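Here's the structure, in structure tokens; my notes come after.
The values are calculated or read from the model by the stated rules, or taken from the named source; none is laboratory data. Being a predicted model, the structure only gives us computed values, none of them experimental. Methodologically, a virtual Cβ is constructed for each residue, glycine included, from the backbone with ideal geometry; neighbour enumeration extends over all protein chains shown.
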């Protein structure tokens, strides 16, 4: 199953950049994303922990904490990606008695780390504002 936390996080921040705070309830956002409000609350929590969103008890909705041009896609990615989770997964427990199985993990990990690094460098060059411009141009 694909992990879509990153895309949903960008969706949430795009809404927070363009909607009045009072509209931005978990239910409103979930309707826009077409998912369950529990999923939205979980991702909102990650974004708050990363300092990208804020909310206040007793006040409905949430708001973005920075200008969209100051939020890199890498910052969003890191906010919702588990620290030990690479974007590419290596299958576990290959057969150690197989010529390929014994070395496949280390061979793939090297390649995947390079690909991950290239992806993160590209995400660092792009911002939430870039996404917003694509959405509304």
Could you check, for the range 88-109, whether at least one of its residues is assigned to a loop (DSSP other than H, G, I, E, B) and in contact with a strand residue (DSSP E or B) (Cβ under 7 Å, 6 or more places away or on another chain)?
no
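Looking at the range 110-137, which of the residues that are in a helix (DSSP H, G or I) and in contact with a strand residue (DSSP E or B) (Cβ under 7 Å, 6 or more places away or on another chain) is surrounded by the most Cβ atoms within 10 Å (Cβ to Cβ)? Can you show your working first?
Restricting attention to the range 110-137, the residues satisfying the condition of being in a helix (DSSP H, G or I) are 110-125, 128-136.
Filter once more, keeping what is in contact with a strand residue (DSSP E or B) (Cβ under 7 Å, 6 or more places away or on another chain): 123-124.
Values: 123: 17, 124: 13.
For the range 110-137, the residue satisfying everything is 123.
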Which residue out of 65, 54 is surrounded by 15 or more Cβ atoms within 10 Å (Cβ to Cβ), touching a strand residue (DSSP E or B) at 6+ places or on another chain (Cβ under 7 Å) and closer than 17 Å to residue 17 by Cβ?
65
Taking first residues from the range 91-105 that are without any contact (Cβ under 8 Å) to a residue 40 or more places away in the chain and second residues anywhere that are exposed (fewer than 12 other Cβ atoms within 10 Å of the Cβ) and in a loop (DSSP other than H, G, I, E, B), the pairs with Cβ under 6 Å that are 6 or more apart or on different chains are 101/95; 102/96
Take the residues of the range 50-63 that are more than 13 Å from the chain's Cα centre (by Cα) and outside any strand (DSSP E or B): which is farthest from residue 76 (Cα to Cα)?
58
Please specify each residue of the range 15-31 satisfying the condition of being more than 14 Å from residue 63 (Cβ to Cβ) and surrounded by fewer than 16 Cβ atoms within 10 Å (Cβ to Cβ).
27, 31
Which of the numbered conditions does residue 80 fail, given that it passes all the others? Conditions: (1) touching a residue at least 24 places away in the same chain (Cβ under 8 Å); (2) exposed (fewer than 13 other Cβ atoms within 10 Å of the Cβ).
(2)
Single match in 38, 100 (criterion: more than 30 Å from residue 20 (Cα to Cα) and exposed (fewer than 11 other Cβ atoms within 10 Å of the Cβ))
100
Select, from 66, 78, the only residue that is at pLDDT 90 or above, under 19 Å from residue 7 (Cα atoms) and not in a helix (DSSP H, G or I).
66
